[in-house]
1. Go ahead and run the numbers for FRET between Asp147 and Arg78, Cβ-Cβ distance against an R0 of 25 Å, rounding to 0.05.
2. So if the hydrodynamic radius of segment 18-156 is defined as the Kirkwood radius over C-alpha pairs, what does Stokes-Einstein give as its diffusion coefficient at 20 °C and 1.002 mPa s, in µm² per second?
3. Can you list the trypsin sites (Lys or Arg not before Pro) in segment 45-147 that are in a DSSP coil and have 10 or fewer other beta carbons within 10 angstrom?
4. Label-point separation (nm) for Asp66 and Arg111, each offset 7 Å from Cα along Cα-to-Cβ?
5. Calculate, in nm to one decimal, what Asp88 and Gln25 gain on full extension: separation in residues at 0.36 nm each, minus their alpha carbon distance.
Amino acid sequence: MARTRPAGHPAQMLRRDPRPRIRTQAELDQLWRGWVRRRNEPPVGTTCLLVYADGRVTRSTVTFTDLDGPLDDGRQRRFVHWIRHLLDDDTAGWRIAFMIARPGAPVVGERDLAWATSLYVAARLAGVACEVVHLAAGNQVRPLPLDALPSHAFGH
C-alpha cells in the first residue's frame with residue numbers, strides 16, 4: 001500500500017515551483033519570446049502577466065483584444081480599475097508585465113510608443129510597478145523601455 005505524505009510534510013514543501021521567475025530584464029525577454037513562440041501568431045492586443053514580489057509569475061496571462069492601441073482616458077480609467085480590482089486594491093509588492101502585439105513589420109512606430117506609454121501610465125495610476133513593456137510584431141519581440149518613450153507623457 002502506497003503511503004501519502006501529509007500536506008505540510010517537508011518533502012512536499014521542498015517541491016520546486018515550476019513557474020518561471022522574473023528577476024531580470026533578460027528573464028522577462030525570454031518569457032515573452034517563449035510565449036510568442038508557443039503560438040503561431042500572438043493575439044493582437046494587450047497581454048498582461050502579474051508578477052509576485054519574489055519574481056514568480058501568475059499561472060496565466062490575460063489578453064485584451066480590444067486594447068489594441070493607445071488607451072484614451074476612459075479606457076485607461078477602466079483598465080486601472082480592472083488592475084486594482086484584480087489585486088483587491090492590495091497592490092503592494094506586485095508588478096505587472098505587458099506585451100503589446102500587432103500585425104505588420106517589427107519596426108517600432110509612434111503608435112507603439114504611445115500604446116506602451118499609456119500602459120506605463122495605467123500601471124502607475126493603479127499603484128503597481130510595471131515591467132518593461134514588450135512589442136510583438138513580425139515574429140519578433142522587442143522591449144520598449146521607459147527611456148525610449150516621450151518624457152512629456154509622464155509629466156516631465
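We did not get these values from a lab; they are worked out from the coordinates using the rules stated. No experiment lies behind these values; they were computed from the predicted model shown. Glycine gets a Cβ as well: all are built from the backbone with ideal geometry, and neighbour counts include every protein chain shown.
1. Details: r = 28 Å, r/R0 = 1.13.
Between Asp147 and Arg78 the formula returns 0.35.
2. Working: Rh = 15.1 Å.
In µm²/s, the coefficient is 142.
3. Details: sites: Arg56, Arg59, Arg75, Arg77, Arg78, Arg84, Arg95, Arg111, Arg124; in loops: Arg59.
Answer in residue order: Arg59.
4. So the two model labels end up 2.0 nm from each other.
5. Values: separation 63, 0.36 × 63 = 22.68 nm, distance 2.71 nm.
So the chain would gain 20.0 nm between Asp88 and Gln25.
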